[in-house]
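Laboratory data are not the source of any read-out in this text; all were calculated from the coordinates shown. No experiment lies behind these values; they were computed from the predicted model shown. With ideal geometry, Cβ positions are generated from the backbone for all residues, glycine too; neighbour counts draw on all protein chains shown.
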Amino acid sequence: MRVRIFSAPRLHEAMALVSRELGPEAVILDRKKSEDATGKVIWQVHAALDATPDAQAPSKASNLAPHPNSPLVEGYGRRDHAAAATVAGSSEMLQSSMARLERLVSGMERYEANQLRLALPDQLQREAFDRLLAKGVAPGFAAELAADFAAGAPIGREQMRWSESMDPTKQRTTLILVGPSGAGKTTLAAKLATHYSLKGVRVALLTTDAERMGGSDLFRSYAEVLGAPFAVLRAVEDLPRAMAQVASAQLVLVDTAGLAPRLTAATRQARQLWNGFTDAARVMVLPANLDEADGEALLAQAKALGVSHLAFSKLDESGRCGKMINWAIPSRLKLCYCTFGTDIPGQLGWLSPKSMTTLLSK
Ligand SMILES: Nc1nc2c(ncn2[C@@H]2O[C@H](COP(=O)(O)OP(=O)(O)O)[C@@H](O)[C@H]2O)c(=O)[nH]1
Ligand SMILES: [Mg+2]
């Protein structure tokens with residue numbers, strides 16, 4: 001984003017300069033009344049465009065001053081009685097603009113939260129709203145969940161999607177676990193493999209985490225301990241042999257390499273391998289201690305990757321698990337497993353409106 005500052009004796013003249021120079025896409029960040037060097041009133045409008053304009057294009061403002069208080073502004077006033085545009089490149093001004101913008105946004109957020117809070121029908125719901133906010137739930141979602149949360153009832157039955165239970169003894173189940181590096185994909189796969197093996201379910205383990213050094217070693221050793229078939233998938237050509245190996249398994253768990261915040265060529269290649277499993281649920285694993293915006297960036301890839309389910313790991317490592325709600329509601333992914341520790345096969349849970357209420361009540 002490129003921020004520019006336009007100055008003119010009157011506000012509407014400065015605004016006219018913005019639209020003349022930046023066009024209708026311009027975003028107004030700030031407007032300020034001040035005085036120039038001679039004490040004359042001057043309006044400054046801070047405006048920005050998302051795209052950087054073509055460097056080759058001649059700028060209409062190129063003959064204009066870099067700062068509103070500089071002599072060139074006065075010079076402009078003498079040259080031409082129309083309003084003047086001033087382009088300021090100083091990083092201090094940019095920083096102060098950004099700081100003002102941040103204050104503005106946070107003030108708007110507080111205002112929005114307060115309005116939502118006041119619209120709730122009683123004190124009990126307002127307290128529930130505050131508790132959800134304290135857990136990191138976004139105000140809009142907290143307002144929607146406040147009534148159930150206040151009543152101690154299971155929350156989010158309507159707002160979130162909940163997975164139907166998975167029972168590999170009744171129906172062969174294939175889960176492809178995707179997510180950022182270190183999310184706990186391999187750990188979740190190992191927990192599930194052990195949990196179901198102990199119940200007598202025939203489990204098979206596959207991994208597409210083939211490039212990274214040691215990426216598949218841990219998973220291979222889990223397979224050895226469990227006596228489960230194991231294969232590494234490097235290319236589409238590996239699929240038929242791997243499919244034959246896992247043909248009699250009731251639960252097939254496919255571990256994968258970590259996802260980058262943006263869709264990469266490696267992920268596209270891995271997706272071709274995942275396409276070999278037509279009946280698989282693709283589960284995105286997000287750790288509860290992940291930055292909320294990073295989680296959103298990963299969820300933005302979910303559609304392209306055919307992800308259908310969402311699991312949360314490391315619930316024991318975050319006090320603000322409200323971000324789960326902020327991730328789950330807009331993603332429309334079906335919530336399924338969660339983990340809250342490194343024990344295998346323990347510390348494994350199933351996400352439901354009831355368990356979500358418990359998590360947020362802690
Ligand atoms: N505290 C805690 N640690 C976990 C959890 N799940 C995984 N870990 C740890 O996080 C690290 C990365 O886990 P791993 O399964 O290798 O992540 P992957 O890169 O997604 O396969 C390991 O040290 C795990 O023991 C969890 O639910 N809670
Ligand atoms: Mg792993």
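Tabulated data
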{"quantity": "Local net charge near Ala304, Cβ-Cβ under 10 Å (Lys/Arg +1, Asp/Glu -1)", "calculated": "+3"}
{"quantity": "Separation between Cα centres of the stretch 145-202 and the stretch 104-141, rounded to whole Å", "calculated": "29"}
{"quantity": "Those trypsin sites (Lys or Arg not before Pro) in the stretch 250-295 that DSSP places in a loop and that have at most 15 other beta carbons within 10 Å", "calculated": "Arg262"}
{"quantity": "Exposure rule at most 15 other beta-carbon atoms within 10 Å, DSSP loop GluC sites (Glu not before Pro): the chain longest free segment", "calculated": "212-362"}
{"quantity": "Within straight-line cross-link reach of Lys40, aspartates and glutamates at Cα separation under 14 Å, skipping those fewer than 8 residues along the same chain", "calculated": "Glu74"}
{"quantity": "Student exercise, the stretch 161-361 dipole from Lys, Arg, Asp, Glu Cβ charges, in Debye to nearest 20", "calculated": "480"}
{"quantity": "Length-normalised contact order of the stretch 113-231 in % [C-alpha pairs under 8 Å, at least 6 apart]", "calculated": "14"}
{"quantity": "Dimensions in Å of the chain - Rg and Dmax from alpha carbons", "calculated": "27.8, 89"}
{"quantity": "Fully extended contour minus Cα-Cα distance, from Val27 to Lys303, at 0.36 nm per residue", "calculated": "96.4 nm"}
{"quantity": "Viscosity 1.567 mPa s, 4 °C: Kirkwood-radius Stokes-Einstein D of the stretch 161-361 over Cα pairs, µm²/s", "calculated": "77"}
{"quantity": "Contour minus Cα-Cα distance for Ala293 and Met243 (0.36 nm per residue)", "calculated": "14.3 nm"}
{"quantity": "Anchor Lys32: aspartates and glutamates whose Cα lies under 14 Å away (excluding residues fewer than 8 positions away in-chain)", "calculated": "Glu13"}
{"quantity": "Partners for Lys334 among lysines (Cα-Cα distance below 24 Å; same-chain residues under 8 apart left out)", "calculated": "Lys135, Lys170, Lys185, Lys191, Lys303, Lys314, Lys323, Lys354, Lys362"}
{"quantity": "Net lengthening on full extension, Ser181/Gln115 (0.36 nm per residue, minus Cα-Cα)", "calculated": "19.8 nm"}
{"quantity": "Computed E for Leu198/Leu124 - FRET, C-beta separation, R0 56 angstrom, nearest 0.05", "calculated": "0.80"}
